[in-house]
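Chemist: Below you will find the structure I want to go over with you.
The values are calculated or read from the model by the stated rules, or taken from the named source; none is laboratory data. On a predicted model such as this, the values are computed, not experimentally measured, just so you know. As a convention, Cβ positions derive from the backbone with ideal geometry for all residues, glycine included, and neighbour counts pool all protein chains shown. Accessible surface areas use protein heavy atoms only, side chains included; no ligands, DNA or RNA. Shrake-Rupley method; radii C 1.70, N 1.55, O 1.52, S 1.80 Å.
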Amino acid sequence: VSNTDSLGLLKYQWQRNSQPLATTKQQTFEATGGGTYRVVVSDSVCGTSFTSPQVEVTNRTIPTPNVTINGPTDFCEGSSTTSLSLALHSPTLKYQWLKNGLPLQGSFQNNLTITSTGTYQVESVDTTCRASARSIGVPINVRPLPEASISTESVGIVYAPFKVLLKANQGTDLSYQWMKQGTEIGGATASSLDVGESGSYSVRVTKSGCSRTSQSLEVTILQ
């Protein structure tokens, strides 16, 4: 902002790095880039001019942060470990991890371990300029494990040739594999199993490529 022109007789010539930018009758000028600025004020009646002192303007830029992915971006819960890390770290900036555009709680750590589905970013903040820049979002899909449990309606002592009917939990798009003593039973891939022998039985339930094995159920069939 230069001195006011109450009589409308002044002309202003703004300069950046000693090079003219514009010659107008406006006493204000908006600087959009860094450099050394000054203004030459001319009196159109007297034919005189004066040059202002220089003002140094620094245009600070915030580099867009880059994120490094360490591990797969699509995996089953508990089957893998994926983390994100900040590629370059500037001591003059502050950083914040974001999930789905919202800040994650806790102090910033350079490595972020992913445990749930979402789109992750890191935001660099220049506290002097009160401005920020965000990295490109990294979508990560952590597929949950299905439930796996066994139920039976049999109570009390069971004698051969009677059998015990074991039922696995039901659900959409589930597949099953029954096991005895931890070994797969050939062809036992239905949601239920008729058991005619004593032993420890469990079922592995799979959905969308992710599996969970139930707790074992002890079955005793007396002769």
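Chemist: Taking the inverse of the average 1/r across all pairs of different Cα atoms in the chain, what Kirkwood radius in Å do you get?
Modeler: Result for the chain stands at 24.6 Å.
Chemist: Right, something else. Treating cross-link reach as a plain straight distance, find the aspartates and glutamates whose alpha-carbon is under 13 Å from the alpha-carbon of Lys163, omitting any fewer than eight places away in the same chain.
Modeler: Within the straight-line limit of under 13 Å, Lys163 reaches these aspartates and glutamates: Glu153, Asp194, Glu197.
Chemist: Turning to a different aspect of this structure: For the chain, which whole-number percentage of the solvent-accessible area (1.4 Å probe, protein heavy atoms only) is attributable to carbon and sulfur atoms?
Modeler: In the chain, the share of accessible area belonging to carbon and sulfur is 50 percent.
Chemist: Write out the cysteines belonging to the chain for which the nearest other cysteine Cβ is not under 4.7 Å, or none if no such cysteine exists.
Modeler: When partners are defined as cysteine Cβ atoms under 4.7 Å apart, the chain leaves Cys46, Cys129 without one.
Chemist: At 1.4 Å probe radius, can you tell me the per residue accessible area of segment 127-223 in Å²?
Modeler: Per-residue accessible area for segment 127-223 comes out at 62 Å².
Chemist: Once ligands and nucleic acids are excluded and a 1.4 Å probe is used, how much of Val219 is accessible, expressed in Å² to the nearest 10?
Modeler: Roll a 1.4 Å probe over it and Val219 shows about 10 Å².
Chemist: Binned at 10 Å from 0, what are the whole-percent values of the Cα-Cα distance distribution for segment 87-216, short to long?
Modeler: 11, 28, 16, 13, 14, 11, 5, 1, 0
Chemist: In Å², and per residue, what accessible area does segment 10-83 have when probed at 1.4 Å with the other protein chains present?
Modeler: 65
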